[in-house]
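*Asks:* Provided herewith is a single structure, encoded as structure tokens, for subsequent inquiry.
Just so it is clear, none of the values below were taken in a lab; they were calculated from the coordinates. All values reported here derive from a predicted model rather than from experimental measurement. Don't worry about glycine lacking a Cβ; one is built from the backbone with ideal geometry, like all the others, and counts go over all protein chains shown.
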Amino acid sequence: MTEMEKLEAGLEYHYDDPEIAARKRFGVEACARLAAADPNDVEAYEEVARSVVGSAGTHLDIQPGFHCDYGKNIHVGDEFTANYNVTILDGAPVTIGNNCMLGPGTLISTVGHPVDGARRRGHVAYAKPVTLGNDVWLGGNVSIMPGVTIGDNVVVGAGAVVTHDIPSNCVAAGVPARVLHTLEAE
């Protein structure tokens, strides 16, 4: 298997592989185009933002300071807002539902590295998909780790580190994040 095939299959891969590095350069260049776009020209800015992500529903709102690894693995629904300085490391797919808001400084990472130092020195990584349901609000500086799924109608408190799945209809917070209380389903 090529390193790209390993990445896409959810296996460990070498992140310095030329094909993977080229894909990352694509993401860096797309984010640079977004950073250079005039946010006062709302239509043109949104058009550039749409070129960064794989797909987006109606009303895509990405504030300045957005960074991603690739971009084309990011799929967001209608009424999506990414506040300032959001980073999405999308080695694997990131799927975000409708009416979702990412607070400033949010990190969504599909990418991780082995605990074993020798393998890390060999530039090994892995990528696991991240999914956010509909009506999810991530407070400022929330970190979502690889492989996490967050259900519908969820609020994650500022500064939380989400290492495990969060069910629908709840408020979660903390390091690591845990469910604090449930919410009424809409």
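*Asks:* When the Karplus curve 6.51 cos²θ - 1.76 cosθ + 1.60 is applied with θ = phi - 60°, which whole-Hz ³J(HN,Hα) does each residue of segment 87-104 get, with x for Gly and Pro?
*Replies:* Running phi through 6.51 cos²θ - 1.76 cosθ + 1.60 with θ = phi - 60° gives 10, 10, 8, 9, x, 10, x, 10, 10, 10, x, 7, 6, 10, 10, 10, x, x Hz.
*Asks:* So if each residue of separation counts as 0.36 nm, and I subtract the Cα-Cα distance between residue 21 and residue 8, what length gain in nm does that give?
*Replies:* Gain on extension, residue 21 to residue 8, equals 3.3 nm.
*Asks:* How much length is gained on full extension from residue 120 to residue 36, taking 0.36 nm per residue of separation minus their Cα-Cα distance?
*Replies:* 26.8 nm is the gain from fully extending residue 120 to residue 36.
*Asks:* Sticking with this one: Quick one: 3J(HN,Hα) in Hz for segment 5-16, Karplus 6.51/-1.76/1.60 with θ = phi - 60°, rounded, Gly and Pro as x.
*Replies:* In residue order, the calculated couplings are 4, 5, 4, 5, 8, x, 9, 5, 9, 9, 6, 8 Hz.
*Asks:* Here's another thing I want to ask about it. Starting from the Cα gyration tensor of segment 98-137, multiply each eigenvalue by 5, take the square root, and state the resulting semi-axes largest first in whole Å.
*Replies:* 30, 11, 6
*Asks:* For residue 73, enumerate residues with amide H under 5 Å from its amide H, sequence gap 5+ or separate chain, H modeled in the peptide plane.
*Replies:* Long-range HN contacts for residue 73: 54.
*Asks:* Would you mind putting 67-77, 174-184, 50-60 in packing order, based on average other-beta-carbon counts within 10 Å, highest first?
*Replies:* Descending mean neighbour count gives 67-77, 50-60, 174-184.
*Asks:* If I histogram all Cα-Cα distances within segment 1-125 using bins 10 Å wide from 0, what percent of pairs lands in each bin?
*Replies:* 13, 43, 29, 13, 2
*Asks:* Tell me the label-point distance for the pair residue 51, residue 113, using the 7 Å Cα-to-Cβ offset, in nm and rounded to one decimal.
*Replies:* Distance between the two pseudo-spin positions: 3.3 nm.
*Asks:* Take every DSSP beta bridge with both residues inside segment 119-186 and express the antiparallel ones as a percent of the total, to the nearest 5.
*Replies:* 25 percent
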